[in-house]
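Chemist: One structure is given below, represented as structure tokens, and several questions about it will come after.
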Amino acid sequence: MQENFIIYNEEYVLIKDILQGLKNNTRAEIVFITDSEGHCIASTGEVEDSHLNSISSLIAGSMAAVNGIGQMLKIDKFNTILTESNTKNLHISLINDRTMLIVIFDQSSNLGIIRFRVKAATQELEKVFITINDKLKSSAMGDGVSPFEGVSDEDIDEIFGD
């Protein structure tokens, strides 16, 4: 099991902007990022959170299964999975070893445009995740300081509305 990672607000805004741009430029219904354990990191589009969490978990499992097949075929890893149906299509693309970009689109979207735009978005997202990792490495967390130091129960209640 991998350690959860932190996304800083500045990078989260960048991620959301990239996802929204990808959604707009491809006419996709839903665009989101999940980690390899099935946790949805960010999304744009209309979908219930409970469905998105379940979809994220299933996609992570599917990617692991497909890459298991790849190992049997002596393929290092598959970077992209495309699943098509009569009504909706699913495009999954690895961003890095821990995250993947998922685009759900219908027949009104062009697959060539999807592939082209996903490739560009994936490169942008990869840079954002590198920045996040660099910030984590240079932060005070390496000195044993908790990122939650100074955060009170009242602060948490205010954030989550309890």
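Chemist: Only one of these is hydrophobic (A, V, I, L, M, F, W, C) and either without any contact (Cβ under 8 Å) to a residue 60 or more places away in the chain or under 15 Å from Gly61 (Cα atoms) (or both): Ile75, Ile113, Ile95. Name it.
Modeler: Ile75
Chemist: In addition: Looking only at residues in the range 104-143 that are buried (at least 16 other Cβ atoms within 10 Å of the Cβ) and under 15 Å from Asn9 (Cα atoms), which one is modelled with the lowest pLDDT?
Modeler: Among those residues, the one meeting the criterion is Ile132.
Chemist: Answer yes if at least one residue in the range 2-13 is charged (D, E, K, R) and either farther than 24 Å from Ile132 by Cβ or surrounded by 13 or more Cβ atoms within 10 Å (Cβ to Cβ) (or both), and no otherwise.
Modeler: Scanning the range 2-13 turns up at least one residue that is charged (D, E, K, R) and either farther than 24 Å from Ile132 by Cβ or surrounded by 13 or more Cβ atoms within 10 Å (Cβ to Cβ) (or both).
Chemist: Being under 9 Å from the mean Cα position of the chain (by Cα) and in contact (Cβ under 8 Å) with a residue 24 or more places away in the chain is the filter here; which residues of the range 40-55 pass it?
Modeler: Filtering the range 40-55 for residues under 9 Å from the mean Cα position of the chain (by Cα) gives 40-43.
Once the filter is applied, which keeps residues that are under 9 Å from the mean Cα position of the chain (by Cα) and in contact (Cβ under 8 Å) with a residue 24 or more places away in the chain, the range 40-55 yields Ile41, Ala42, Ser43.
Chemist: May I pose another question? Name the residue that is farthest from Asp106 (Cα to Cα), counting only residues in the range 24-35 that are in contact (Cβ under 8 Å) with a residue 60 or more places away in the chain and out of contact with any Leu (no Cβ under 9 Å at 6 or more places or on another chain).
Modeler: Asp35
Chemist: Look through Ile59, Ile81, Ile95 and report the one residue that is of a type in the set (A, V, I, L, M, F, W, C), modelled with pLDDT of 80 or more, surrounded by 11 or more Cβ atoms within 10 Å (Cβ to Cβ) and farther than 27 Å from Ile6 by Cβ.
Modeler: It is Ile81.
The values are calculated or read from the model by the stated rules, or taken from the named source; none is laboratory data. From a predicted model like this one, the values you see are computed outputs, not experimental measurements. In this analysis, Cβ positions are derived from the backbone assuming ideal geometry, glycine residues included, and neighbour counts consider all displayed protein chains.
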